[in-house]
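A quick write-up on the structure given underneath.
The values are calculated or read from the model by the stated rules, or taken from the named source; none is laboratory data. Because the structure is predicted, anything quoted here is derived from the model rather than measured. Please note: Cβ atoms are built from the backbone with ideal geometry, for glycine as well, and neighbour counts cover all protein chains shown.
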Amino acid sequence: MPELAKLTIEDAQMLLREGAISAEELTQSVLTRLFAVEPVVQAYLSVQEDAALDAARTADARRAAGDDAPLLGIPIAVKDAILTKGVTTTCGSKILKNFVPPYDATVVQKLRAAGAIIIGKTNTDEFTMGSSTEFSAFHPTHNPWNMDYVPGGSSGGSAAAVAANETLGALGTDTGGSIRQPAAYCGIVGLKPTYGRASRYGLIAHGSSLDQPGPMTKTVTDAAVLLQAIAGHDPRDATSLDAPVPDYPAELRRSKGFDGLRIGVPKEYFIDGLNPAVDTAVRNALILAESHGAELVEISLPHTDFGIPVYYLIATAEASSNLSRYDGVRFGVRVPADSMWETYFETRAAGFGAEVKRRIMLGTYALSAGYYDAYYLKAQKVRTLIQRDFTAAFEKVDVIFAPTTPDTAFKLGQKIDDPLQMYLTDIFTVMTNLAGIPGISIPAGFADGLPIGLQILGPALGESAILRAAHAYEQLTDWHHDHPDL
Ligand code: GLN
C-alpha cells in the first residue's frame with residue numbers, strides 16, 4: 001500500500017469503499033505528511049487537525065452505517081479566501097486576521113455534504129491579488145519542486161499543498177488565473193469553471209464579475225469528482241447558473257479520447273517571449289492529440305492583446321468597491337481613532353498591504369467621474385469584443401489548447417517590486433475570466449526541473465469537453481506521475 005497521503009481522490013475512494021483503509025487512517029497520514037513538510041513548504045495558514053480527525057471518525061461511522069457519499073472521508077484543503085464556519089478566514093490579510101465567519105461558503109457546505117474532511121486553510125495573496133502568494137500578509141509559500149521558487153498565485157497554498165501531498169485535493173479561486181497559474185507552476189491540475197457554474201456565496205469577493213471557485217487536484221478525474229461536488233445553482237448567488245449539473249466523472253469514463261475532437265490553436269497565444277520549452281510542450285501536446293484522432297484548427301482571438309489592460313481595469317474597479325466593506329466597523333481588525341473617519345483611515349492604512357492599496361487606488365481612479373468613460377466603460381466594451389472572439393472560435397472548435405503561462409515559476413522575490421511583470425504572468429489566463437468560459441491547466445512537461453502547464457479552454461458550460469481533452473492527454477502522458485522530492 002502506498003503512503004496514503006500520496007493517493008489520488010479516485011484511488012482513496014476505492015480503498016475506502018472496499019474497507020481497505022479508514023478515513024481516520026487516511027486523514028492521519030495526510031496530517032503526518034503535512035506536519036513533516038510544512039516547515040519548508042508553508043502552504044497552509046491554519047490546520048484544523050482535531051476537527052479533521054473528528055470528521056474522519058464521523059465519516060467512518062457514516063460508512064459503517066451504509067452511507068456512500070461521493071467524498072466520504074476524503075481530506076480536502078480550502079483556500080483561505082473561502083469562508084469556513086467557525087474557522088478563522090483571513091484571505092491572506094492582516095485586516096481579517098481575527099475574522100471567524102459565522103457561516104460556510106456554499107462550496108464548503110457542498111463539500112461537507114459530500115462527506116469531505118476540511119483539513120486546513122491554504123495561503124493566498126492578500127485578497128487574492130497576486131500571482132506568487134508573496135503578497136500574503138503572513139508568509140510566502142514555496143514551490144515544492146524548488147523551494148527558491150514561487151508556487152504561483154493567488155491559490156499558491158492550495159497548489160503547493162496538492163503538489164506536496166499535504167492534501168488529496170483543494171479548492172482555489174480564480175479571478176484572472178489564480179487556480180490555473182499556480183496549478184501550472186506546481187505541476188497539478190487546476191480547473192476554473194464557467195462563471196456561475198459554482199456558487200460565489202461565501203467567497204471573499206475580489207472582482208465579482210470574474211471570481212469562480214474550482215478544484216485543484218493531482219489528476220483530471222479528481223478534478224471532475226470535485227467539480228461534481230461543488231457545481232450547481234445557488235439562490236444565494238444572483239449570478240449562479242440554473243443549469244443541470246452533468247455527472248462529470250461518469251461522462252469522463254464514457255468519453256472517446258481525442259477521436260474526432262476539434263482543437264483550436266490560437267495564433268495570438270504563441271508569442272515572442274514565450275519560454276521555448278513551454279512552446280514546445282504545447283506543440284507536442286497538439287501533435288499527440290492529432291496523432292490520436294483530433295483535428296487541429298488554426299483560430300484567431302484578435303483582441304487577446306487587450307486582455308491584461310481590460311482585466312486590470314475591471315478587476316481593480318470591482319475590487320475597490322468590494323473592499324470598501326473593510327472599514328474596521330463590521331469586519332476584522334479595528335484601529336481605534338478619534339473620529340469615525342479617522343478610524344476608517346487608520347484601520348485601512350494599517351490593515352491593507354501595498355498591493356491591495358495599489359489596486360484600490362487604480363480601481364477608484366478608473367471609476368471616478370471624468371475617467372469612468374475613458375477607462376471602466378471602455379474596458380467593458382472591449383470585454384464584449386473578447387467574449388465575441390471566443391463565441392466565434394467555438395463555432396469552429398470544441399476546445400482550445402494554449403499555454404497556461406508564458407514561463408515556468410519564477411524565483412521568490414524576483415518580481416515583487418515590479419507589478420507589471422507580475423501582472424504579465426496572467427497574460428494567457430485573464431481572457432477566460434473576462435469571457436466567463438471554463439479553463440483547465442494540466443501538467444505537460446518540465447523545464448529545468450520546474451513544471452509546465454497546458455491550458456485547455458472550452459465554451460460556456462463546456463466543462464465536460466475540457467475534462468475529456470485533458471483526460472485524453474493525461475492518459476497518453478506520464479507527467480502527473482512525477483512528484484517533487486521532499
Ligand atoms: N494574478 C491575478 C491578479 O493578481 C489574478 C488573481 C486571481 O485570479 N485571483 O489579479
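Yes/no matrix, rows are residues, columns are (1) more than 27 Å from Thr133 (Cα to Cα); (2) within 27 Å of the chain's Cα centre (by Cα); (3) at pLDDT 95 or above:
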residue	(1), (2), (3)
Phe258	yes, yes, yes
Thr280	yes, yes, yes
Ala289	yes, yes, yes
Tyr311	no, yes, yes
Gly328	no, no, no
Phe331	no, yes, no
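At pLDDT 95 or above and surrounded by fewer than 24 Cβ atoms within 10 Å (Cβ to Cβ), is that true of Ser209?
So Ser209 fits the description; yes.
Which one is farthest from Leu476 (Cα to Cα), of the residues in segment 267-278 that are loosely packed, with under 15 Cβ neighbours inside 10 Å and under 26 Å from the mean Cα position of the chain (by Cα)?
Per the criteria, the residue is Gly273.
Restricted to segment 211-244, and to residues that are polar (S, T, N, Q) and over 22 Å from Ser255 (Cβ atoms), which residue is nearest to the ligand (Cβ to nearest atom)?
Gln212
Which one of the conditions (1) part of a helix (DSSP H, G or I); (2) more than 15 Å from Gly130 (Cβ to Cβ); (3) in contact with a helix residue (DSSP H, G or I) (Cβ under 7 Å, 6 or more places away or on another chain) does Tyr423 fail to meet, given that it meets all the rest?
Unmet for Tyr423, out of (1) part of a helix (DSSP H, G or I); (2) more than 15 Å from Gly130 (Cβ to Cβ); (3) in contact with a helix residue (DSSP H, G or I) (Cβ under 7 Å, 6 or more places away or on another chain): (2).
I'd like the full set of residues that are of a type outside the set (Asp, Glu) and touching a Lys or Arg at 6+ places or on another chain (Cβ under 6 Å), limited to segment 1-51.
Ala5, Thr8, Leu45, Ser46, listed by residue number.
Of the residues Gly66, Gly152, only one is within 20 Å of Gly187 (Cβ to Cβ) and either modelled with pLDDT of 95 or more or touching a Phe, Trp or Tyr at 6+ places or on another chain (Cβ under 8 Å) (or both); which?
Gly152
Looking at segment 353-373, I want the residues that are closer than 14 Å to Gly130 by Cβ and have a partner that is within 13 Å of the ligand (Cβ to nearest atom) and at pLDDT below 95 with Cβ atoms under 7 Å, at least 6 apart or on another chain. Which pairs are those?
Arg358/Pro419
Give me the residue from segment 75-100 that is free of Cβ contacts under 8 Å to residues at least 40 places away in the same chain and in contact with a helix residue (DSSP H, G or I) (Cβ under 9 Å, 6 or more places away or on another chain) and, out of that set, surrounded by the fewest Cβ atoms within 10 Å (Cβ to Cβ).
Taking the candidates together, the pick is Gly86.
Would it be correct to say that Gly176 is within 21 Å of Pro403 (Cα to Cα) and among the small types (Gly, Ala, Ser)?
Yes.
Looking at this structure, is Leu296 hydrophobic (A, V, I, L, M, F, W, C), closer than 25 Å to Phe401 by Cα, modelled with pLDDT of 95 or more and surrounded by fewer than 20 Cβ atoms within 10 Å (Cβ to Cβ)?
It is true that Leu296 is hydrophobic (A, V, I, L, M, F, W, C), closer than 25 Å to Phe401 by Cα, modelled with pLDDT of 95 or more and surrounded by fewer than 20 Cβ atoms within 10 Å (Cβ to Cβ).
Quick one: Lys411 ticks every box in (1) at pLDDT 95 or above; (2) surrounded by 24 or more Cβ atoms within 10 Å (Cβ to Cβ); (3) within 27 Å of Gly273 (Cα to Cα) bar one, so which box is it?
(2)
Would you check if there is a residue in segment 443-458 being within 16 Å of the ligand (Cβ to nearest atom), crowded, with 24+ Cβ neighbours inside 10 Å and not hydrophobic (A, V, I, L, M, F, W, C)?
yes
All but one of (1) under 26 Å from Pro302 (Cα atoms); (2) in a strand (DSSP E or B); (3) of a type in the set (A, V, I, L, M) hold for Met216, so report the exception by its number.
Here Met216 meets the rest and fails (1).
Could you tell me whether Asp305 is under 30 Å from Arg348 (Cβ atoms) and surrounded by fewer than 22 Cβ atoms within 10 Å (Cβ to Cβ)?
Judged against the criteria, Asp305 is not a match.
Of the numbered conditions (1) closer than 21 Å to Arg197 by Cα; (2) over 25 Å from the mean Cα position of the chain (by Cα); (3) not polar (S, T, N, Q), Met361 satisfies every one except a single condition; which is it?
(1)
Residues Val37, Val30: which one is over 25 Å from Leu227 (Cβ atoms) and modelled with pLDDT of 95 or more?
Val37
Report, by residue number, each residue of segment 163-201 that is in a loop (DSSP other than H, G, I, E, B), under 17 Å from Val220 (Cβ atoms) and within 9 Å of the ligand (Cβ to nearest atom).
Across segment 163-201, the qualifying residue is only Ile179.
Show the residue pairs that are 6+ apart or on different chains and have beta-carbon atoms under 7 Å apart, the first residue being within segment 425-442 and within 10 Å of the ligand (Cβ to nearest atom), the second being acidic (Asp, Glu) and modelled with pLDDT of 95 or more.
What qualifies is Asn433/Asp174.
Taking the stated definitions as given, is Leu377 crowded, with 16+ Cβ neighbours inside 10 Å, of a type outside the set (Lys, Arg) and more than 30 Å from Glu290 (Cβ to Cβ)?
No; evaluated as a whole, the condition is false for this residue.
Against the conditions (1) under 16 Å from Ile188 (Cβ atoms); (2) within 16 Å of the chain's Cα centre (by Cα); (3) away from the ligand (no atom under 16 Å from the Cβ), where does Glu463 fall short? Just the number, please.
Every listed condition holds for Glu463 apart from (1).
Within segment 113-148, restricting attention to residues that are acidic (Asp, Glu) and in contact with a Gly (Cβ under 7 Å, 6 or more places away or on another chain), which residue is farthest from the ligand (Cβ to nearest atom)?
Glu126
Going by the structure shown, is Pro266 over 25 Å from Asp222 (Cβ atoms) and without any contact (Cβ under 8 Å) to a residue 12 or more places away in the chain?
Answer is no for this residue.
For segment 356-364, indicate whether the set of residues that are touching a Lys or Arg at 6+ places or on another chain (Cβ under 6 Å), of a type outside the set (D, E, K, R) and within 15 Å of the ligand (Cβ to nearest atom) is non-empty.
Scanning segment 356-364, I find no residue that is touching a Lys or Arg at 6+ places or on another chain (Cβ under 6 Å), of a type outside the set (D, E, K, R) and within 15 Å of the ligand (Cβ to nearest atom), so the answer is no.
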